[in-house]
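The values are calculated or read from the model by the stated rules, or taken from the named source; none is laboratory data. The shown structure was predicted, so the numbers you read here are calculated from the model rather than taken from an experiment. SASA here: full protein model, heavy atoms, side chains in, ligands and nucleic acids out. Shrake-Rupley method; radii C 1.70, N 1.55, O 1.52, S 1.80 Å.
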Amino acid sequence: MVSKNNLTVYWTLFVYEQWKMYIAATSNGLCYVGSPNKPFEELSNWVKKHLPNSVLVQDDEKLQPYTAELTEYFWGQRKTFVQPLDLYGTPFQLSVWNALRKIPYGHTRSYSEIANHIQKPFSVRAVGAAIGANPVLIIVPCHRVIGKNGTLTGYRGGLEMKKQLLQLENESSLIGERYLHA
């Protein structure tokens, strides 16, 4: 594993329709997708906290494979992400984020289902905190986690974005099914 010190973190501003999100990657993979329409400070503060002594360098070309996948996702043409990730969190957080990545496109899970999946059924609140700390919005699909009663719950990108992402996935899945059964 690369030392957290003296690491270069490459970043770009990803723009899709009304959303502008800073995204960042190390040479090992994508490490950050910011909240929509938040300032650069959100990214720089995250880097200072999780990758101290690293250097932020704008490099639109290096981030192009990630922005291409995000664009394809928003167009309804991509259901899985294949570019590498470089996630920084506690072992518990990493287990939750890995569980999120197993939620299929167009589906949702409850916090308690995630807690059961990682074999920590009594850690629902800790699961919620780990989901809230997810540094890679959309690609680590925390928007697919909803309340036990089916309600939309907190999301770093805002509940409106969460609703739109779930709607996008639902519509894309329905279009795909209609196409298959035509």
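Helical runs assigned H by DSSP (4 residues or longer) give the chain a calculated mean residue ellipticity at 222 nm of -12000 deg cm²/dmol, each run adding -39500 (n - 2.57) before division by the residue total. Of the solvent-accessible surface of segment 1-113, computed with a 1.4 Å probe and all protein chains present, 49% belongs to carbon and sulfur. Take each uninterrupted DSSP H stretch in the chain, measure its Cα extent along the helix axis, and return the ones at 18 Å or beyond whose mean Kyte-Doolittle hydropathy is at least -1.0. Flagged H segments are 159-180. For Glu41, the solvent-accessible surface computed with a 1.4 Å probe is close to 100 Å², ligands and nucleic acids excluded. A straight Cα-to-Cα reach below 17 Å connects Lys38 with the aspartates and glutamates Glu17, Glu160, residues fewer than 8 places away in its own chain not being considered. Ordering Lys48, Lys120 by accessible surface, largest first, gives Lys48, Lys120; the 1.4 Å probe counts only protein heavy atoms, with every chain in place. Amide H contacts of Tyr16: Met21, each under 5 Å away and 5 or more positions distant or on a separate chain (H built 1.01 Å from N in the peptide plane; Pro and chain starts excluded). Solvent exposure of the chain amounts to 54 Å² per residue of accessible area, where only protein heavy atoms count and the probe is 1.4 Å. Annotation: extensible slack from Tyr16 through Lys79 equals 21.0 nm (criterion: 0.36 nm per residue apart, minus Cα-Cα distance). With contacts taken as Cα pairs under 8 Å at a separation of at least 6 residues, segment 125-176 carries a relative contact order of 25 percent.
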